[in-house]
Amino acid sequence: MKRRSFVTLLGSAIATLPFFSSPAAGSFLSSPVALNRLRPPGAVAEDIFAGKCIRCGRCVEVCPYRSIIMLDIRAGVFAGTPLVEAEKIPCYLCMKCVEVCPTGSLQPLGQQEVRMGLAVIDKFTCTTWSGLVLCRTCYDICPLKDQAIRLDELRPVIDEQNCTGCGMCTHACPVTTEDGNKAVNIEPIYSAGR
């Protein structure tokens, strides 16, 4: 290697070093899956999703509700992968995305077997649980009413065994806290291992 090439390479490495030691580096490599940010139904475990998904965008194109977005370059290594922002547009469980996935990143399964996440009710924020107002919005909108969510003394209760994590309850919830969360949010607890 010539001296000039070595110095150029060394200079490039030093120039990019602050990027990889900064907090931005963590977001470059960290998963976008978080509270109310979910993978589409049937997604494989998050630790292999970025490697398995070829970023073809078929799931985004086929979604009739436009629930699935494709992440842009700000998502780092996850750029081009699909994501559902539950509080904006939830997943309506039409399962069309699963049918068109060419790599198996979204695996076929029945609507009842979907586990995108788990709805969690903040009992301090929920108007029904705090006793302010009788609200049944999350219960009324749930596609698996009396299975995934039921009413116990007129208060909503999530059944962990049947909740699909579709986000319809989060999207419909009329309560928004100061930090932008809802009284019912979707925790992506299933993304770590399926």
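The values are calculated or read from the model by the stated rules, or taken from the named source; none is laboratory data. Predicted model, so just to flag it, every value in this text is computed and none were measured. Ideal geometry is used to build each Cβ from the backbone, glycine not excepted, and the neighbour counts take in all protein chains shown. To get the accessible areas, we keep the full protein, side chains included, count just its heavy atoms, and leave off ligands, DNA and RNA. Shrake-Rupley method; radii C 1.70, N 1.55, O 1.52, S 1.80 Å.
Just to be sure I understand the filter: pairs with C-beta atoms under 8 Å, separated by 6 or more residues or on different chains, first member in segment 155-184 and touching a residue at least 60 places away in the same chain (Cβ under 8 Å) and farther than 18 Å from Lys145 by Cβ, second member open to solvent by 50 Å² or more (accessible area, probe 1.4 Å) and outside any loop (DSSP other than H, G, I, E, B). Which pairs pass? That search, which allows pairs on different chains as well, returns Lys182/Thr176. When you scan segment 64-84, do you find a residue that is at pLDDT below 95, open to solvent by 50 Å² or more (accessible area, probe 1.4 Å) and within 20 Å of Pro188 (Cα to Cα), even just one? Yes: one or more hits. In the set (1) touching a residue at least 24 places away in the same chain (Cβ under 8 Å); (2) more than 17 Å from Gly165 (Cα to Cα); (3) in contact with a Leu (Cβ under 9 Å, 6 or more places away or on another chain); (4) not hydrophobic (A, V, I, L, M, F, W, C), Glu85 fails one condition alone, (2). Quick one: would you say Ile189 is touching a residue at least 60 places away in the same chain (Cβ under 8 Å), over 24 Å from Val62 (Cα atoms) and either open to solvent by 70 Å² or more (accessible area, probe 1.4 Å) or assigned to a loop (DSSP other than H, G, I, E, B) (or both)? Yes. Every listed requirement among (1) under 19 Å from Cys163 (Cβ atoms); (2) open to solvent by 70 Å² or more (accessible area, probe 1.4 Å) is met by Gly110 save one, (2). If I ask for residues that are in a helix (DSSP H, G or I), open to solvent by less than 70 Å² (accessible area, probe 1.4 Å) and either of a type outside the set (A, V, I, L, M) or over 15 Å from Lys96 (Cβ atoms) (or both), which ones from segment 29-63 would you list? Selection gives Glu46, Phe49, Ala50, Cys59.
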